[in-house]
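The structure appears right after this line, and notes come after that.
The values are calculated or read from the model by the stated rules, or taken from the named source; none is laboratory data. Remember, it's a predicted structure, so these values are computed and weren't measured experimentally. Note that we place each Cβ from the backbone using ideal geometry, even for glycine, and neighbour counts take in every protein chain shown. Keep in mind that these areas ignore ligands, DNA and RNA; they rest on the heavy atoms of the full protein, side chains included. Shrake-Rupley method; radii C 1.70, N 1.55, O 1.52, S 1.80 Å.
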Protein chains: 2
Amino acid sequence: MNKLGIVFGKLLEQLIHRMPKFRMPKSLSRSDMMLQLDSQPLQQRMPQPTKTAVLVIGGAEDKLHGRQILHTFFQRSGGTDARIAIIPSASREPAVIGSRYHDIFEEMGAKAIEVIDIRDREHGSDGDWQAFIEDCTGVFMTGGDQLRLCDLLSDTPIMNCVRQRARSGEVTLAGTSAGAAVMGHHMIAGGGSGESPNQSLVDMTIGLGIIPEVIVDQHFHNRNRMARLLSAVAAYPDKLGIGIDEDTCAMFEGNLFESYGRFSSLQVIGKGTVTIVDPVEMTHTNYAQVSNADPIGIHNLHLHILSQGDRYDLEKRQVIPADRC
Amino acid sequence: MNKLGIVFGKLLEQLIHRMPKFRMPKSLSRSDMMLQLDSQPLQQRMPQPTKTAVLVIGGAEDKLHGRQILHTFFQRSGGTDARIAIIPSASREPAVIGSRYHDIFEEMGAKAIEVIDIRDREHGSDGDWQAFIEDCTGVFMTGGDQLRLCDLLSDTPIMNCVRQRARSGEVTLAGTSAGAAVMGHHMIAGGGSGESPNQSLVDMTIGLGIIPEVIVDQHFHNRNRMARLLSAVAAYPDKLGIGIDEDTCAMFEGNLFESYGRFSSLQVIGKGTVTIVDPVEMTHTNYAQVSNADPIGIHNLHLHILSQGDRYDLEKRQVIPADRC
């Protein structure tokens, strides 16, 4: 098959992944598919924008009244056709928190809901849960402790499936608070405030890598976490720092046909702001030269404070204001 | 006198202002001066960089051990030749705080020290104090309440003299905490933290206008004031936001011959950071459209975190790292 054929085959495969009722039969080769496709009219072959998304929520999202963020997750998971998996493993009270979200999504009218109550790494390969994860349309990771969530889930078959399906646009994924913190490859495990940016102000570890190119901080302005996010960005200036306020969500979307496996933009939903610390043009940091408690200098960052409706183009690194979205 | 002559005369006048022992005799005209100057060798006519500065201190500066910032102020005021005025009017205990700084500068060996204990607006035109202010080499404004300081001092003959002499490089001026807050034309009078940037997070009023082009916030990272400074910058995007940590100083200097009446750079001294929020390329804010408690969006700010020795060029709006200063 020539190069064009390979690319076209890949696109086709992705398109089919987005149509749960038209799974690619394993016996059918890409060449067969292309032959079949050639006989279809052009309009049917045109890609439709995916409706899946990754919702990174800054914690304390409205669970009672407007439920704007949770409702968006529900809709992006398929609405009344949604099959939702709730992962409450960050919490030390997974049954309580799992049941709370279960009731919310049930009230909204989801078709199926399963609390994937992983309390042990062995559960991470549980057959029934894995089957649900492979077929669900939405996954919701609750708050709690992000270290606990990673300890229990990273590199388990269930989490690998969640990541692969979220990154290829097959499922809508949401994480709130600790569930948001784990999104990057590098993760803020903890830290402080009330100090000049410095290395000891933030504890970094490895997250779940759903959106590897970002470092997420949550409860952001509410808990005054700018200095710790700046300290994290100084440590990993190839990443984009994203601080998300409470009851606020950075909704990542991918344009499947333009950015294979990468999210192309985020949009802000909710009552607070999303802060973007972009070191793409950083000219200098003394991070490597100073000791743990010394103040860190970081020169030439770009900073954006986004509010409801604002969109950020992750490829061009540009903001599109709400009224131009 | 032709245009060149006028410019040269102005420069000469400024040069002379910087030489306390060679005051311009009032009977001598600019043309006379130029004639005298023409007979001097070129080297003597070359301007010497001024040693005066405006030290904007984030509060809680070391008063006991290294005293790096206070010692810099003392040196920039002339060292053992210094004649220092202390203005304790921001404080509700001006005698106590005035005496504390008096003892420090006395211990350092200042030639003359006067506590200008203005407790009433009428004191702002006190003849003896005014005479001291007109002839002193350093002025130190203590902490306390910036509103109190402005209420007592703004538009008094004494403060007008301090501003004029500081802005023309005749005197070194320092202000710490409340004494730092008053430096801009727009002043942060108070505010909160722990919220998304919003209008109600910061109370703005008019400061003393020593460095009109900046908005200063102090105790900056120590009291988590990023969101309030961002809110202030969104309100006045023609200004430069400057957040100064405790025991840290942004030392403003002017190059008299290049930036008449404007400070051309600042340098960081001390144990914390100086944060610069530069809206020069800001593309959008919803500040004017949203109500008081709504989150503010601000797109495309430049952000610099400077540490000890870093310099910031206020004209080019560029950082010069410490190792290249």
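Which ones in segment A:269-290 are within 8 Å of another protein chain (Cβ to nearest Cβ) and assigned to a strand (DSSP E or B)?
Hits for segment A:269-290 are A:V277, A:H284.
When you scan segment A:138-152, do you find a residue that is touching an Asp or Glu at 6+ places or on another chain (Cβ under 6 Å) and surrounded by 22 or more Cβ atoms within 10 Å (Cβ to Cβ), even just one? Break it down stepwise before answering.
Step one: list which residues in segment A:138-152 are touching an Asp or Glu at 6+ places or on another chain (Cβ under 6 Å), which gives none.
So far as segment A:138-152 goes, no, none of its residues is touching an Asp or Glu at 6+ places or on another chain (Cβ under 6 Å) and surrounded by 22 or more Cβ atoms within 10 Å (Cβ to Cβ).
Hey, among B:G184, B:G175, B:G191, B:G124, which residue is open to solvent by 20 Å² or more (accessible area, probe 1.4 Å) and at pLDDT 95 or above?
Working: B:G184 fails: open to solvent by 20 Å² or more (accessible area, probe 1.4 Å); B:G175 fails: open to solvent by 20 Å² or more (accessible area, probe 1.4 Å); B:G124 fails: open to solvent by 20 Å² or more (accessible area, probe 1.4 Å).
Just a single option satisfies the conditions, and that option is B:G191.
Going by what's in this entry, would B:A250 be described as open to solvent by 10 Å² or more (accessible area, probe 1.4 Å) and of a type in the set (A, V, I, L, M, F, W, C)?
Details: open to solvent by 10 Å² or more (accessible area, probe 1.4 Å): no; of a type in the set (A, V, I, L, M, F, W, C): yes.
No: the conditions fail for B:A250.
Say whether the condition of being within 12 Å of chain B (Cβ to nearest Cβ) and not charged (D, E, K, R) is met by at least one residue in segment A:249-266. Can you show your working first?
At the first step, the residues of segment A:249-266 found to be within 12 Å of chain B (Cβ to nearest Cβ) are none.
Among the residues of segment A:249-266, not one is within 12 Å of chain B (Cβ to nearest Cβ) and not charged (D, E, K, R), which makes the answer no.
What pairs come out if I take residues in segment B:84-96 that are not assigned by TED's automatic domain parsing to the domain that holds B:V171 and pair them with residues that are crowded, with 24+ Cβ neighbours inside 10 Å whose C-beta lies under 7 Å away, six or more apart or interchain?
Hits for this filter: zero, empty list.
Taking only segment A:291-310 into account, find how many residues are of a type outside the set (S, T, N, Q) and more than 8 Å from chain B (Cβ to nearest Cβ). Steps first, please.
Taking segment A:291-310 and keeping what is of a type outside the set (S, T, N, Q), we get A:293-299, A:301-306, A:309-310.
Keeping just the survivors that are more than 8 Å from chain B (Cβ to nearest Cβ) gives A:293, A:309.
So the count comes out to 2.
Give the number of residues within segment B:74-114 that are open to solvent by 40 Å² or more (accessible area, probe 1.4 Å), β-branched (V, I, T) and farther than 21 Å from B:E170 by Cβ.
Total meeting the criteria: 2.
Can you name every residue in segment A:111-151 that is assigned to a loop (DSSP other than H, G, I, E, B), over 19 Å from A:I210 (Cα atoms) and touching a Gly at 6+ places or on another chain (Cβ under 8 Å)?
The initial filter retains those residues of segment A:111-151 that are assigned to a loop (DSSP other than H, G, I, E, B), namely A:111, A:116-120, A:126, A:136-137, A:142-145.
Now drop any that are not over 19 Å from A:I210 (Cα atoms), which leaves A:111, A:117, A:119-120, A:126.
Result: A:K111, A:D117.
Identify all residues within segment B:145-182 that are within 19 Å of B:R262 (Cβ to Cβ) and among the β-branched types (V, I, T); write none if there are none.
Listed by number, the residues that qualify are B:V162, B:V171, B:T172, B:V182.
Is it the case that segment A:292-304 has a residue that's within 20 Å of the chain's Cα centre (by Cα) and within 27 Å of B:N222 (Cα to Cα)? First the steps, then the outcome.
As a first pass, look at segment A:292-304 and keep what is within 20 Å of the chain's Cα centre (by Cα): A:304.
Within this subset, residues satisfying the condition of being within 27 Å of B:N222 (Cα to Cα) are A:304.
So far as segment A:292-304 goes, yes, one or more of its residues are within 20 Å of the chain's Cα centre (by Cα) and within 27 Å of B:N222 (Cα to Cα).
Could you go through segment B:141-150 and let me know if any residue there is closer than 17 Å to B:S77 by Cα and in contact with a helix residue (DSSP H, G or I) (Cβ under 7 Å, 6 or more places away or on another chain).
Of all residues in segment B:141-150, those closer than 17 Å to B:S77 by Cα come to B:141-142.
From what's left, in contact with a helix residue (DSSP H, G or I) (Cβ under 7 Å, 6 or more places away or on another chain): B:141-142.
Yes, segment B:141-150 has at least one match.
Working only within segment A:220-239, note down all residues that are more than 11 Å from chain B (Cβ to nearest Cβ) and open to solvent by 10 Å² or more (accessible area, probe 1.4 Å). Before you say what the answer is, go through the steps one by one.
Kept after step one, since they are more than 11 Å from chain B (Cβ to nearest Cβ), are these residues of segment A:220-239: A:232, A:235-239.
Correct list: A:A235, A:Y236, A:P237, A:D238, A:K239.
Any idea which of A:Q308, A:Q289, A:Q318 is farther than 19 Å from A:I215 by Cα, without any contact (Cβ under 8 Å) to a residue 40 or more places away in the chain and open to solvent by 10 Å² or more (accessible area, probe 1.4 Å)?
Values: A:Q308 fails: without any contact (Cβ under 8 Å) to a residue 40 or more places away in the chain; A:Q318 fails: farther than 19 Å from A:I215 by Cα.
One residue alone meets the criteria, A:Q289.
When B:S196 is evaluated against the numbered criteria (1) assigned to a loop (DSSP other than H, G, I, E, B); (2) open to solvent by less than 10 Å² (accessible area, probe 1.4 Å); (3) of a type outside the set (K, R), which criterion, by number, is the only one it fails?
With (1) assigned to a loop (DSSP other than H, G, I, E, B); (2) open to solvent by less than 10 Å² (accessible area, probe 1.4 Å); (3) of a type outside the set (K, R) applied to B:S196, the lone miss is (2).
Taking B:K316 and the conditions (1) facing chain A (nearest Cβ under 7 Å); (2) over 22 Å from B:A60 (Cα atoms); (3) assigned to a loop (DSSP other than H, G, I, E, B), which numbered condition does it fall short on, given that it satisfies the others?
Here B:K316 clears every test but (1).
Go through segment A:132-148 and give me each residue that's of a type in the set (V, I, T) and more than 14 Å from the chain's Cα centre (by Cα). Please lay out each step first, then the result.
Step one: list which residues in segment A:132-148 are of a type in the set (V, I, T), which gives A:133, A:137, A:139, A:142.
Matches in segment A:132-148: A:I133, A:T137.
Would you call B:G261 open to solvent by less than 30 Å² (accessible area, probe 1.4 Å), in the same structural domain as B:E195 (by TED's automatic domain parsing) and at pLDDT 95 or above? Please lay out each step first, then the result.
Numbers: open to solvent by less than 30 Å² (accessible area, probe 1.4 Å): yes; in the same structural domain as B:E195 (by TED's automatic domain parsing): yes; at pLDDT 95 or above: no.
Against the criterion (open to solvent by less than 30 Å² (accessible area, probe 1.4 Å), in the same structural domain as B:E195 (by TED's automatic domain parsing) and at pLDDT 95 or above), B:G261 does not qualify.
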